[in-house]
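The values are calculated or read from the model by the stated rules, or taken from the named source; none is laboratory data. A quick note: this is a predicted structure, and the numbers were derived from the prediction, not measured. Because the Cβ atoms are built from the backbone with ideal geometry, glycine has one as well, and the counts that use them run over all protein chains shown.
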Amino acid sequence: MISALDRKVLRDLARQVAEIAALPAQVERRELWKMHNDLQPARPMILIFPEGSWEELLTEKDLRCEGEEARRIEWALRSRIYYHEHFQDDTVIEREWVVQKVIHDSGWGLEGRRIPSPMARGAWRFDPVLLGPSDLKRLRFPEIVYDEEATERELARAQELFGDILDVRLKGMTHISYHLMSLYTGWRGLKEMMTDMYFHPQMLHDAMAFLEEGHHRILRQYIDQNLLSLNNDGTYHSSGGNGYTNELPKPGFDPAHVRPCDMWASAESQEMAQVGPRQHAEFALQYEKRLLEPFGLNGYGCCDDLTLKLDDVFTIPHLRRISISPFADVEKCAERLQGDYIFSWKPHPAHLVGSFDGEAIRNYIRHAIEMAQKHGCVLEIILKDTHTCEHHPERFDSWAQIAREEINRISR
């Protein structure tokens, strides 16, 4: 239950969100994103995802609600307001409150184990549970169960709380993303996965084949239970981006039954960052391509350098967004992508720690923009993976200001 005092706080915040969402800037940004994602860009776009730094930007002390559930809702509303008041990126603030369908997943039959670090926020180590080929027999295909009764309760609560202020929308599965190597290394270990390619290739192929088949079955269950929802809106896509587009849904669309071809999807295998193109294609990409084939538009990549793997990446069906990581060769990638794909550039998040050098950041961003402009790229600048800003929230504002100035410089 949400107390009367918490309810008042939440409704006041919802009104602020509704006011922000009604600003003309939101309409303009939405249309710019549609042009951008349809490969008809007006200018480079900017998105900021603070991720781990959020606890330094919007702290527990900033929340006024007392109840645990109310504080969760409060944080979601305040984070939207924070975007508007601080960042100069192209995030669209929508006048909506999304209720997710309650969907249960039975899992794969194995639970990964980790050895935690003794340091706060330190790196953990793998504790493998998949020790050999025989352990693959312990895997099970996930079963998907839709809890309609719990969903209706959540929807009714949200409508009662916000229905006269925000557009309360019920959505099912909107973020479809495949992470086969993440699953495998979670059970097997990263070092072990690397050596499996040489010593136990059949075991690795068997595991990938099982995961591919399992994901095909999951998608079929989503379709059979009508759990897919459109994501041609502000839904987070791939490893940074959104789904605004005029190209989805596809012709023949039935609003009552969303199909995979009406949706964006994505995949990535960043665990393969230190692996060459041949091994990447053999042990990961061939399986991912078949999973992505049913979807209308796709994205690929994350934090791994795809510079030398682009020939294989280009063979992904319906590919639209490609992640260009901080470790990639921006000029070489720009020359290859040109205007045929979204150049989803991830600038280095480490620039927000240590000594904040605004001039160095400006030159760094300017170089990427100039390379993209030279080769006619559809550029988006996605600042993410910022695990800390060392308690200097203003660095995000300054970074965004620099990026905006550099975009305006080429747009004049």
Subject >> Members of the stretch 23-58 found to be small (Gly, Ala, Ser), surrounded by fewer than 21 Cβ atoms within 10 Å (Cβ to Cβ) and modelled with pLDDT of 95 or more, listed by number >> reply: Ala25, Ala42
Original post:
Mind checking which residues of the stretch 284-305 are in contact with a helix residue (DSSP H, G or I) (Cβ under 6 Å, 6 or more places away or on another chain) and buried (at least 19 other Cβ atoms within 10 Å of the Cβ)?
Top reply: Ala284, Leu285, Tyr287, Leu291, Phe295, Gly296, Asn298, Tyr300, Cys302, Asp304
Original post:
Among all residue pairs at least 6 apart or on different chains, which show Cβ distances below 6 Å where the first residue, located in the stretch 329-341, is crowded, with 16+ Cβ neighbours inside 10 Å and the second is polar (S, T, N, Q)?
Top reply: Cys333/Thr307
Subject >> strands (runs of 3 or more DSSP E) within the stretch 82-160 that include 3 or more residues in contact with a strand residue (DSSP E or B) (Cβ under 7 Å, 6 or more places away or on another chain) and within 30 Å of Trp33 (Cα to Cα) >> reply: 96-100
Subject >> Where a residue in the stretch 92-120 is at pLDDT 95 or above and its partner, wherever it lies, is part of a loop (DSSP other than H, G, I, E, B) and of a type in the set (D, E, K, R), with Cβ under 7 Å and at least six apart >> reply: Val102/Asp147; His104/Asp147; Ser106/Glu143; Trp108/Arg140; Gly109/Arg140
Original post:
With Tyr184, Tyr198 as the choices, which residue is more than 28 Å from Glu51 (Cα to Cα) and part of a helix (DSSP H, G or I)?
Top reply: Tyr198
Original post:
If you go through the stretch 277-332 one residue at a time, how many are polar (S, T, N, Q), farther than 20 Å from His348 by Cα and touching a strand residue (DSSP E or B) at 6+ places or on another chain (Cβ under 9 Å)?
Top reply: 1
**OP:** Give the number of residues within the stretch 214-226 that are farther than 11 Å from Ile176 by Cβ and in contact with a helix residue (DSSP H, G or I) (Cβ under 8 Å, 6 or more places away or on another chain).
**Re:** 2
Subject >> Among the residues listed as Ala76, Ala25, the single one being within 19 Å of the chain's Cα centre (by Cα) and within 30 Å of His392 (Cα to Cα) >> reply: Ala76
**OP:** Output the number of residues of the stretch 355-412 satisfying the condition of being free of Cβ contacts under 8 Å to residues at least 12 places away in the same chain and touching an Asp or Glu at 6+ places or on another chain (Cβ under 9 Å).
**Re:** 0
Original post:
Is the stretch 129-146 home to any residue that is loosely packed, with under 15 Cβ neighbours inside 10 Å, under 21 Å from Asn231 (Cβ atoms) and of a type outside the set (Val, Ile, Thr)?
Top reply: no
Subject >> In the stretch 271-283, the residues that are under 15 Å from Ser325 (Cα atoms) and surrounded by 17 or more Cβ atoms within 10 Å (Cβ to Cβ) >> reply: Glu271, Met272
**OP:** Take the residues in the stretch 380-410 that are within 12 Å of Pro44 (Cα to Cα) and touching a Phe, Trp or Tyr at 6+ places or on another chain (Cβ under 8 Å), then tell me which one is surrounded by the fewest Cβ atoms within 10 Å (Cβ to Cβ).
**Re:** Ile382
Original post:
When residues of the stretch 96-129 are filtered for being among the acidic types (Asp, Glu) and closer than 28 Å to His216 by Cβ, how many remain?
Top reply: 2
Original post:
Could you say whether any residue in the stretch 193-213 is within 23 Å of Tyr300 (Cβ to Cβ), crowded, with 22+ Cβ neighbours inside 10 Å and touching a Lys or Arg at 6+ places or on another chain (Cβ under 6 Å)?
Top reply: no
**OP:** Please state which of the following conditions Lys61 fails to meet, knowing it meets all the rest: (1) closer than 20 Å to Leu10 by Cβ; (2) at pLDDT below 95; (3) surrounded by 15 or more Cβ atoms within 10 Å (Cβ to Cβ).
**Re:** (3)
**OP:** Within the stretch 32-40, identify whether any single residue is within 22 Å of Asn232 (Cβ to Cβ), without any contact (Cβ under 8 Å) to a residue 40 or more places away in the chain and not in a helix (DSSP H, G or I), and answer yes or no.
**Re:** yes
Original post:
Would you pick out the residues in the stretch 353-375 that are loosely packed, with under 13 Cβ neighbours inside 10 Å and either touching a His at 6+ places or on another chain (Cβ under 7 Å) or part of a loop (DSSP other than H, G, I, E, B) (or both)?
Top reply: Gly354, Ser355, Asp357
**OP:** Could you tell me whether Gln401 is assigned to a helix (DSSP H, G or I) and under 24 Å from the mean Cα position of the chain (by Cα)?
**Re:** yes
